[in-house]
Amino acid sequence: NSGDAFATNYINDVLKIVDSAAKQSLQIVSPEEDEELASIFNPEETIVDCYTSLVHGVSKTPHKQPLVLYAPSIFNFLQALLGKAYNPSKVLIRNICGLIGDIAECIGSQIKDLLRSHFVEQVVIAMQ
C-alpha cells in the first residue's frame, strides 16, 4: 500500500511543511496584495486541498498519530479561514466541511473535543 509507505516515511515532514504554509497564508499583508495574489493563486484553498489529500493518504494505514498531533493546528487554520477577514466562498466552506468529515472518519475517536467545538457547528450552519 503506497499510503502506508508515505505515512511511515513522510507524513511528519509533510504535515510540518503544510502547517507552516497554512500559518503563513493567514498573514495578510494588505487587502490589495491579497486580492492581487488571489487572482493568481489561492493558497488557502490549496492548503485545504492538501490537508484533504494527506488525510486520505493515511486513512487506510495504521500511521494516524501524526495527524492526531496536527489536528488542533488544522482546526485552528480552518477556523481562521471562516473568519470575517477571509470572506470564504461557498466552495471553500464546502471543502472545509468535507475535510472536517474526512478527519472525523479517519481519527474522530481521538479528537472528540475538536469535533464538538462551536467552530464545527458554525461550519455546518454555514453549509445550509
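The values are calculated or read from the model by the stated rules, or taken from the named source; none is laboratory data. Only a predicted model underlies this, so the values are computations on that prediction, with no experimental measurement involved. A quick note on method: Cβ atoms are made from the backbone with ideal geometry, for glycine too, and the neighbour counts reach across all protein chains shown. Note: accessible area is taken over every heavy atom of the protein model, side chains too, but ligands, DNA and RNA are not part of it. Shrake-Rupley method; radii C 1.70, N 1.55, O 1.52, S 1.80 Å.
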Work out from phi, with θ = phi - 60° and the Karplus expression 6.51 cos²θ - 1.76 cosθ + 1.60, the ³J(HN,Hα) of each residue of region 9-23, listed in order in whole Hz, and give x for Gly and Pro. 8, 10, 4, 4, 5, 5, 4, 4, 5, 5, 4, 5, 4, 4, 5
Give the ranking of 8, 52, 61 by solvent-accessible surface, highest area first, calculated with a 1.4 Å probe. 8, 52, 61
Using a 1.4 Å probe, how large is the accessible area of residue 97, given in Å² and rounded to the nearest 10? 40
Take each of the peptides 110-117, 53-60, average the number of other beta-carbon atoms within 10 Å over its residues, and list them starting from the highest. 53-60, 110-117
Compute, for residue 78, the solvent-accessible surface of its heavy atoms (probe 1.4 Å) with the complete set of protein chains present, and express it in square angstrom to the nearest 10. 0
Quick one: 3J(HN,Hα) in Hz for region 52-66, Karplus 6.51/-1.76/1.60 with θ = phi - 60°, rounded, Gly and Pro as x. 4, 5, 5, 4, 4, x, 9, 4, 9, 10, x, 9, 9, 4, x
³J(HN,Hα) computed for each position of region 103-120 - Karplus, 6.51 cos²θ - 1.76 cosθ + 1.60, integer Hz, glycine/proline x: 5, 4, 5, 6, 9, x, 5, 8, 10, 3, 4, 5, 6, 8, 6, 4, 4, 4
On average, how much accessible surface per residue is there in region 77-128, in Å², for a 1.4 Å probe, leaving out ligands, DNA and RNA? 58
